[in-house]
Amino acid sequence: MATMSLDRLNFDPTSISAGPTIGSYIISDGGEIITHTTDGSRERLDVNADIELSDPESLGIYIEDEAGAGGENGQFILGRRQDANTSPVSADGDYHGLLFNENGFLKTTSEVTIEPSDAEYAQDSSLAAASVGLLIGGYREDTLSVDTSADGDFNWLKQNDLGELYVTASMNSQVADDAVATENPLPVGSVAFDLSAALDAVSAGGDKAEARSDLNRRILVNDSNHIGMSNAAVSVGITAVQLDATALVGRNEILIQNSGAVSIFVGSSNAVTTANGVEISKNSFLSFDVSESIEVWAISTVAAQDVRIMQLG
C-alpha cells in the first residue's frame, strides 16, 4: 500500500487542482459504480428512487376504489391559471395539473345526457298528463307557418333570419271595462313637432304612423270629415218628418237649410212640435255635430216647406 509523504492535506472546495485531493466511489449493493450526470452547474447521481410510504393514508393518499371510513385526512390540491383554452400537454393520456381561468374558476367540460323517457318529446306530439322534462330547441323560419296539428302540441322555438325569437306580446289589460283599476297603465308616447311647418305624410295608405304632438305634448287630432258626404231635399209640413231617413254611415255632422217661406222646428224624434223644437227661420241654416245613431226630425206651421240637408262624416 502506498503512503502519503505530505505533512498535511490542504482542501480547496473551489478548485480540484489547487492541491492534493482524495477521491471516492459510490458503489451499489451489486458492486457497481454509480455514475453521475452533469445537469447545468450541478452533478446528479444516476439513481432511481422508489419511495415507499409506510402509511400513505396519513398523507391523504388512497387506493382507487377503496372504501372510505369517514374522517380521513386530505391534501390541498393546487392548479394554475391559464386564460387560453388550449391543451397544456402534448398527447392524449398525459398528466397535467388542474387549470383555472382569470377569475379562479376551475375549467371543466360538462356533458349532459337526458333520457328520452324523462325530458324529450317529438315535435307535433300530443301533450300527455303530468308530462315532465325540458324541451329546448329552435330553428330559422323566415315566413311563419303552423307546424303542429292541434292546440297543445309541442313545437320548436322559431327565429327569423336575424336570429330573433318570434314572440306574441299581448297588450290586453286583465281588468275588465268599468272595473276598478288595479294595474299600471301602459304608457303611450308621441313624436313632438314644431308646427310652424307642415307635417310630413306617410308614403301609402295602410302604413303605420306614429302619434304626433306639439312641443307642449298635446296630441294632434284631426277631426275633419273624411268618410263621405250626402245631401237631400225634404218637404216639411205640419206633421213631423225625419230629415235623415237615410243616414250617412259614419256621420258626425249635419247641416239643415230652410229654403221655405216660414220657419221650421227641429228635434230628435217624431214628438217634436213647433212649441218644443229648435227654430230655423226661413232662408237660414243650422249645422251641428251629430252621429248617425241619432235621428233628426222637423215640423212646420205650413205644409210643403222646402228644406235641404247635408250630412258629413
- Does any residue of the stretch 252-273 turn out to be surrounded by fewer than 11 Cβ atoms within 10 Å (Cβ to Cβ), of a type in the set (A, V, I, L, M) and either in contact (Cβ under 8 Å) with a residue 24 or more places away in the chain or more than 23 Å from Asp306 (Cβ to Cβ) (or both)? no
- Determine, yes or no, whether Ser213 is in contact (Cβ under 8 Å) with a residue 24 or more places away in the chain, over 29 Å from Gln305 (Cβ atoms) and surrounded by 10 or more Cβ atoms within 10 Å (Cβ to Cβ). no
- Task: Select from the stretch 70-104 the residues that are closer than 26 Å to Leu59 by Cα and either among the aromatic types (Phe, Trp, Tyr) or surrounded by 10 or more Cβ atoms within 10 Å (Cβ to Cβ) (or both) and list them in ascending order.
- Result: Glu72, Phe76, Gly79, Arg80, Arg81, Tyr95, His96, Gly97, Leu98, Leu99, Phe100
- Residues of the stretch 265-313 that turn out to be part of a strand (DSSP E or B), touching a Leu at 6+ places or on another chain (Cβ under 9 Å) and of a type outside the set (D, E, K, R), as a count: 14
- Of the residues Ile294, Ile264, Ile280, which is aliphatic (A, V, I, L, M) and under 60 Å from the mean Cα position of the chain (by Cα)? Ile294
- Select from the stretch 175-190 the residues that are within 21 Å of Leu220 (Cβ to Cβ) and surrounded by 10 or more Cβ atoms within 10 Å (Cβ to Cβ) and list them in ascending order. Ser190
- Under 7 Å between Cβ atoms, at least 6 apart or on separate chains: pull out the pairs that start in the stretch 65-77 with a residue that is on the phi < 0 side of the Ramachandran plot and end on any residue that is modelled with pLDDT of 75 or more. Ile77/Leu98
- Somewhere in the stretch 217-229, is a residue exposed (fewer than 10 other Cβ atoms within 10 Å of the Cβ), in contact with an Asp or Glu (Cβ under 8 Å, 6 or more places away or on another chain) and outside the structural domain of Val302 (by TED's automatic domain parsing)? no
- Message: Within the stretch 274-313, take every residue that is touching a Lys or Arg at 6+ places or on another chain (Cβ under 6 Å) and touching a residue at least 60 places away in the same chain (Cβ under 8 Å) and give me the one that is surrounded by the fewest Cβ atoms within 10 Å (Cβ to Cβ).
- Response: Gly313
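The values are calculated or read from the model by the stated rules, or taken from the named source; none is laboratory data. Computed from a predicted model, the values in this text were never measured in an experiment. Don't worry about glycine lacking a Cβ; one is built from the backbone with ideal geometry, like all the others, and counts go over all protein chains shown.
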